[in-house]
Amino acid sequence: MENDSIEKHADVMARILFVYAKLNPGINYVQGMNEILAPVYYCFAHDRHPEFTNHVEADSFYCFTSIMSELRDSFVKTMDNSKTGIQGQLAKFMRLIKKHDFHLHNSLEQ
């Protein structure tokens, strides 16, 4: 991949994250949002269907915003210790691991 192409993709992702942060001042930008956006953007950026190639940024923004509407509480610092905040989500995840893979759960608890 050429440097210009890499910079173009990085610029598009930065714009999406910037606009999202401006539209959601209660959340702003939090580390990790780029990890959610990256696979969404990658899928749209590599779709060669002529109808979709001109709308990669807008489609990525829409899907990212939709995903974030479900995950938003995980990114709000004041909700970290709530049931829907990051600590609550991690506890839920650990309960699932315990249920489905007790050995892994015990290893993670050590």
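What the table below lists for this structure:
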quantity: DSSP H segments from the chain that extend 15 Å or more along their own axis, Cα-based, with Kyte-Doolittle mean of 0.5 or above; calculated: 33-45, 56-71
quantity: Cβ-defined net charge surrounding F44, 10 Å radius [Lys, Arg +1; Asp, Glu -1]; calculated: -3
quantity: Of the GluC sites (Glu not before Pro) in region 1-53, those whose Cβ has at most 14 other Cβ within 10 Å and which sit in DSSP loop; calculated: E2, E51
quantity: Descending principal axes extents, the chain, alpha-carbon based, whole Å; calculated: 48, 32, 26
quantity: Sequence of I86, I27 from largest to smallest accessible area, 1.4 Å probe; calculated: I86, I27
quantity: Unit charges on C-beta of K, R, D, E only; dipole of region 1-64, Debye; calculated: 240 debye
quantity: Under 22 Å from K22, Cα to Cα: lysines that are on another chain or at least 8 residues apart; calculated: K8, K77
quantity: Two-decimal Rg/Rh across region 27-69, once Rg and the Kirkwood Rh are taken from alpha-carbon atoms; calculated: 1.02
quantity: Where the chain is the region considered: accessible area per residue in Å², 1.4 Å probe; calculated: 74 Å²
quantity: Nearest-20 debye value, the chain charge dipole, Cβ charges on Lys, Arg, Asp, Glu; calculated: 660 debye
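The values are calculated or read from the model by the stated rules, or taken from the named source; none is laboratory data. Nothing here was measured: the structure is a model prediction, and the numbers come from that model. Counting neighbours? That spans all protein chains shown, and the Cβs are built from the backbone with ideal geometry, glycine included. Quick note on the areas: whole protein, heavy atoms, side chains included, nothing else; ligands and nucleic acids left out. Shrake-Rupley method; radii C 1.70, N 1.55, O 1.52, S 1.80 Å.
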